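*Asks:* This is the structure I have questions about; it appears just below.
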């Protein structure tokens, strides 16, 4: 089994990068018993569009079976699912801590894509504006 972890750095003690498509690196663990790994620089980080899809293609080309990351967008998750890569969510920790949590069965599988925070913030602002307008109209 080959496991990829989105990472901010190039070693096992690096912090897990919560962003899948725009993470700095992928740590690829090809032997869990020996914890042998390789580092892949994520060149998709600078793309304006398609970073998640390109990252999914990169992991698929390395025969990755499992991905541990913070969150995935809808197109990236669709591409990962198509490549039969199982995706698990992990919060702030190091790469090695994420691997330990995975081995212990303490990570949740990602079944739905992360919501777009910018879109949610925009909707929240619109909702607040409507409430303020309504309150002002009632004065």
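All of the numbers you see were taken from the coordinates with simple rules; none came from a lab. As the structure is a prediction and not an experimental result, all values here were calculated from the model. Positions of Cβ are backbone-derived with ideal geometry, glycine not excepted, and every protein chain shown enters the neighbour counts.
*Asks:* Using just the C-alpha positions of the range 3-114 as equal point scatterers, what log10 of I(q)/I(0) does the Debye formula give at each q in 0.12, 0.14, 0.20 1/Å?
*Replies:* Reported log10 I(q)/I(0), two decimals: -0.33, -0.45, -0.98.
*Asks:* Where does each of 69, 94 land when they are ranked from fewest to most other beta-carbon atoms within 10 angstrom? Intermediate values should be presented prior to the final figure.
*Replies:* Values: 69 27, 94 18.
Fewest-to-most ranking of 69, 94: 94, 69.
*Asks:* I want the antiparallel fraction of DSSP beta bridges within the range 3-114, as a percent rounded to 5.
*Replies:* Numbers: 15 of 23 bridges.
Roughly 65 percent of the DSSP beta bridges within the range 3-114 come out antiparallel.
*Asks:* Among 137, 11, which comes first, then next, by fewest other beta-carbon atoms within 10 Å? Write down the numbers at each step before the final one.
*Replies:* Numbers: 137 7, 11 13.
Lowest to highest Cβ neighbour count: 137, 11.
*Asks:* So if each residue of separation counts as 0.36 nm, and I subtract the Cα-Cα distance between residue 30 and residue 104, what length gain in nm does that give? List each step's numbers first, then the result.
*Replies:* On the way: separation 74, 0.36 × 74 = 26.64 nm, distance 1.76 nm.
Stretched fully, the residue 30-residue 104 segment lengthens by 24.9 nm.
*Asks:* Taking the Cα-to-Cβ direction at residue 10 and at residue 136 and moving 7 Å from each Cα, how far apart do the two end points lie in nm?
*Replies:* Calculated label separation equals 5.4 nm.
*Asks:* OK, next. Tell me, how many Å apart are the Cα centres for the range 1-46 and for the range 48-83?
*Replies:* Using only Cα atoms to place each centre, the spacing works out to 13 Å.
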